[in-house]
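What follows is a short report on a single structure.
The values are calculated or read from the model by the stated rules, or taken from the named source; none is laboratory data. Keep in mind the model is a prediction, meaning the values are calculated, not measured. Methodologically, a virtual Cβ is constructed for each residue, glycine included, from the backbone with ideal geometry; neighbour enumeration extends over all protein chains shown. Ligands, DNA and RNA are stripped out before the accessible areas are found, and what is left, the full protein with its side chains, is counted by its heavy atoms. Shrake-Rupley method; radii C 1.70, N 1.55, O 1.52, S 1.80 Å.
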Amino acid sequence: MLEVLTGTGLAASAGLNAYIPLLTLGLLARYSDLIDLPSGWTWLGNGWVILILAVLLAVEMVADKVPVVDHINDVVQTVVRPTAGGLAFGAGSSSETVTVSDPGSFFSSHQWVPVATGVALAFGVHLLKSAARPVVNAATAGFGAPVASTAEDATSVVVSLVAIILPVLVLAFLLGLVFFVFWFVRRRSERRREREAARAAGFRV
């Protein structure tokens, strides 16, 4: 099951930033012994692929920290992040890591399952991120965008590394994510009721 947690962490990370988990996989596979990519995924460790991912990451990090531009970027990333999540889950769940010595057995008969799972996970996290960002921008007049984006990038880096080095801790991230979803939905409902109450009071006046 550890390979599932590795893939889950990497896919969730891609929902926050498409390029960080893929770049993490490539760099660690190329320059460390922490992960050994299977034959079908060794291209992630190619120098040109790493360079392209690094350039795309730089563009993403700048665009995501500018109000309005971040919304446009989220629209574009609706396709990119789930795709990256599928790739990250597929590569991570079938790799040998410091904690997984027999990868791939969980998905041996259905190789498409990890990719599809990664797409779904990354898409879910992306939707949550895309819904939360306008709220942050509105509440802070746009000044919260770079802070929120930096926090998301840092979380993506940490979760990507944890997923490879100590995947059991991914469970803590998932629990935190579930808690945030419930809090966010509840907060949105409260704000909606407050607006409706204020509108009704205005009509009465």
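Condition check for residue 174 on (1) over 27 Å from residue 54 (Cβ atoms); (2) at pLDDT 80 or above: one failure, at (2).
If you go through the stretch 1-53 and keep only what is open to solvent by 30 Å² or more (accessible area, probe 1.4 Å), over 18 Å from residue 159 (Cα atoms) and of a type in the set (A, V, I, L, M, F, W, C), you end up with 41, 43, 48, 49, 51, 52. When residue 101 is tested against (1) assigned to a helix (DSSP H, G or I); (2) at pLDDT below 90, just one condition goes unmet, and that condition is (1).
Do the conditions hold for residue 80, that is, is it of a type in the set (Val, Ile, Thr), farther than 19 Å from residue 124 by Cβ and open to solvent by 20 Å² or more (accessible area, probe 1.4 Å)?
no
Whether a residue is within 20 Å of the chain's Cα centre (by Cα), at pLDDT 95 or above and of a type in the set (Gly, Ala, Ser) was assessed, and residue 131 does not pass this test.
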